[in-house]
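J.: One structure follows; several queries about it will come next.
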Amino acid sequence: MDSMMMPVTERKLSSHMYRELENAIVECSLPPGTALSDRELAQQFGVSRTPVRDTLHLLESSGLVERGQRTGWAVTQIRLQDVRELYELRALLEPAGLGRIVEWEDDALSKVASMFDGFSVPMGQGEVEQYLIRDDEFHQLIIKATGNSQLTRAYYVVDRQLARCKRFVSYQDDSRREDSLREHRLVCEALGRRDEKAARAALLDHIRTAEDALTGAIKASVPLSN
């Protein structure tokens, strides 16, 4: 049965199943390599196997699930080359929003320029959680500034995959948090001056250092192939 022709209740269950499985994979409660049975998942969620397979296909297209030649479905392994490619995609997608932001009205641009002004160096323990939230808000703001829904969806896939990688190695950038703060401020300062070129250079430098930190953490945690 085509998924678009499912009964409404089953479509809702399918959507719920996708969110549940995606979150479980990103949070690593379903770790890399976990086998996924469409029959068992159908029983678990109380649906037929058709929406389960549709969900697995969607997760496959997001890079979170892969299909083996003989073993059915499994949660995708974390590979160093995949991480590098995800950061390469970030470097292609994120700068697209900068040109729009530098054209914003003064008040809106001033708010962007001051997004990281309130954090101290060194950062207090009580500030860390708020900084992580602000970090995510900032990058989401850049992406949404593009006004491109297709780009936004593509970025969501990249962001979720990288979140899974960080969770898998219990990655926290404590050792470079002040550097990360400085990098964000450089991007914001350039945007405040309406200097798109400088903002782009600072953003790409931030993405490169973030990539180096995460790939270093992965190499130190597990013996992964390139």
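J.: What is the helix-to-structure angle for 125-144, meaning the angle in degrees between its Cα long axis and the longest Cα principal axis of the chain, kept from 0 to 90 and rounded to the nearest 10?
T.: 80 degrees
J.: With a probe of 1.4 Å, find how much accessible area the chain has per residue, and write the answer as a whole number in Å².
T.: I get 55 Å² per residue for the chain.
J.: Between ILE133 and GLU105, what FRET efficiency comes out of the Förster formula 1/(1 + (r/R0)^6) with R0 = 25 Å and r the beta carbon distance, rounded to 0.05?
T.: E between GLU105 and ILE133, to the nearest 0.05, is 0.50.
J.: Label point 7 Å out from LEU58 along Cα-to-Cβ: which residues of segment 154-171 have amide N under 18 Å?
T.: Under cut-off, by backbone N: 154-161.
J.: Taking the dipole about the Cα centre of the chain, with the C-beta of Lys and Arg at +1 and of Asp and Glu at -1, give me whichever of SER61, TRP104, VAL158 is farthest to the positive side.
T.: The Cα lying farthest towards the positive end belongs to SER61.
J.: Using modelled amide H (1.01 Å from N, peptide plane; none on Pro or chain starts), what sits under 5 Å from the amide H of LEU36, excluding residues fewer than 5 places away?
T.: Placed amide hydrogens put TRP73, ALA74, VAL75 under 5 Å from LEU36.
J.: Provide, for the chain, the number of lysine pairs with alpha carbons under 26 Å apart, each pair being eight or more places apart or on different chains.
T.: Counting lysine pairs in the chain gives 5.
J.: Of all the accessible heavy-atom surface of the chain, with the other protein chains kept in place and a 1.4 Å probe, what percent is carbon and sulfur?
T.: 49 percent
J.: Please compute the modelled spin-label separation between ALA220 and GLN81, points set 7 Å along Cα→Cβ, answer in nm with one decimal.
T.: Going by the 7 Å Cα→Cβ label model, 2.6 nm.
J.: May I ask for the angle, rounded to the nearest 10°, between helix 149-168 and the longest principal axis of the chain, with both axes built from Cα atoms and the value confined to 0 to 90°?
T.: The two axes meet at around 80 degrees.
J.: If R0 is 45 Å, what FRET efficiency do you get for ALA35 and GLU178 from their C-beta distance, rounded to 0.05?
T.: Approximately 0.60, to the nearest 0.05.
J.: Right, here's the next one. Which value in deg cm²/dmol, rounded to the nearest 500, describes the helix-derived mean residue ellipticity at 222 nm for the chain, given -39,500 (n - 2.57) per DSSP H run of n ≥ 4 and division by the residue count?
T.: Roughly -21500 deg cm²/dmol at 222 nm, from the helical runs in the chain.
The values are calculated or read from the model by the stated rules, or taken from the named source; none is laboratory data. What you see is a predicted model, and the numbers here were worked out from it, not measured in a lab. Virtual Cβ from ideal backbone geometry, glycine too; neighbours counted across all protein chains shown. We work out accessible area using only protein heavy atoms, side chains counted, and drop any ligands, DNA or RNA first. Shrake-Rupley method; radii C 1.70, N 1.55, O 1.52, S 1.80 Å.
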